[in-house]
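Down below is the structure, laid out as structure tokens.
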Amino acid sequence: MGICRLGFLVGFLWFMAMDCMAQSNTHHYNFVLQQAQFTRLCETKTMLTVNGSFPGPTIHARRGDTIYVNVHNEGEYGVTIHWHGVKQPRNPWSDGPENITQCPIQPGKNFTYEVILSNEEGTLWWHAHSDWSRATVHGAIVISPARGTTYPFPAPHAEQTIILGSWFKDDLKAIIDDALAAGSEPAISNSLTINGQPGDLYPCSAAMLNMDPIFQGSGSSIVIWRGTRAGAWTRFSL
Ligand SMILES: [Cu+2]
């Protein structure tokens, strides 16, 4: 093989390597498990959160990307985080089930998860995987199509993530500990939540924050739905 042809081959391989690198990206997040106070149903409670928010922060990535999440546990007991729906072939060490693929992250310690996306696309979620801590420690993973590709349906006018949850007035750990000690069913939740709020039918429920409008239809028949208060969607026409 002549030098010229070898040079062409090396150049071609370099170009292919650069092209592959351009297709996928890495993302870095810091999750701090910490206690925070929240008021719902007219009562204030202290509960475990990520970065003091409920629901927790949304992770944004593209198909094929890799996400590194450094979880710092400033809580009172060991916790793991699971990346629900991410297949992670040959990477179970970052899957998260407590005492199955890893020991819980102890208070005062941290652990960096390597979340490898393959063919996942759409909205998944992450959640704590230790007892009932997942009720307050969870959030969305929004995975957009890879760069240069399109949605498997007409591109949406806008996107809005809706997270459904449960609200317990009492301390979650106390509820499950009591049920296990008594051998009885744990108490049921006091309300359901949409993006962290119980809704207008419950007392002391605030407006949903950061709710962008939802667009529906196309052309001259577009309808915009805007979440003005929890449980209340107001219709605006263009
Ligand atoms: Cu899960």
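Derivation of every value follows stated rules applied to the coordinates shown; laboratory data play no part. This is a predicted model, so every value here is computed, not measured. Positions of Cβ are backbone-derived with ideal geometry, glycine not excepted, and every protein chain shown enters the neighbour counts.
Observations
- Residue-by-residue Karplus 3J(HN,Hα) for region 76-90, coefficients 6.51, -1.76, 1.60, Hz, glycine and proline x: 9, 8, x, 9, 10, 10, 10, 9, 5, x, 8, 6, 6, x, 6
- Note on Q34 and S166: the model spin-label points, each 7 Å out from Cα along the C-beta direction, lie 2.8 nm apart.
- Across region 151-191, the residues whose backbone nitrogen lies under 17 Å from the label position 7 Å along the beta-carbon direction of T46 are 169-175.
- Residues whose amide H lies under 5 Å from that of F31, counting only those 5 or more places away or on a different chain, are N70, V71, H72; hydrogens are built 1.01 Å from N in the peptide plane.
- FRET efficiency, 1/(1 + (r/R0)^6) with R0 30 Å, evaluated for N110 and A187 via beta carbons: 0.40
- Extension gain from N99 to S53, taking 0.36 nm per residue of separation minus the Cα-Cα distance: 13.9 nm
- At the listed q of 0.09 Å⁻¹, the Debye profile of region 24-156, built from one uniform point per Cα, gives log10 I(q)/I(0) equal to -0.28.
- Cut-off 20 Å, label 7 Å out along Cα→Cβ of E159, residues of region 49-86 by amide N: 55-69, 83-86
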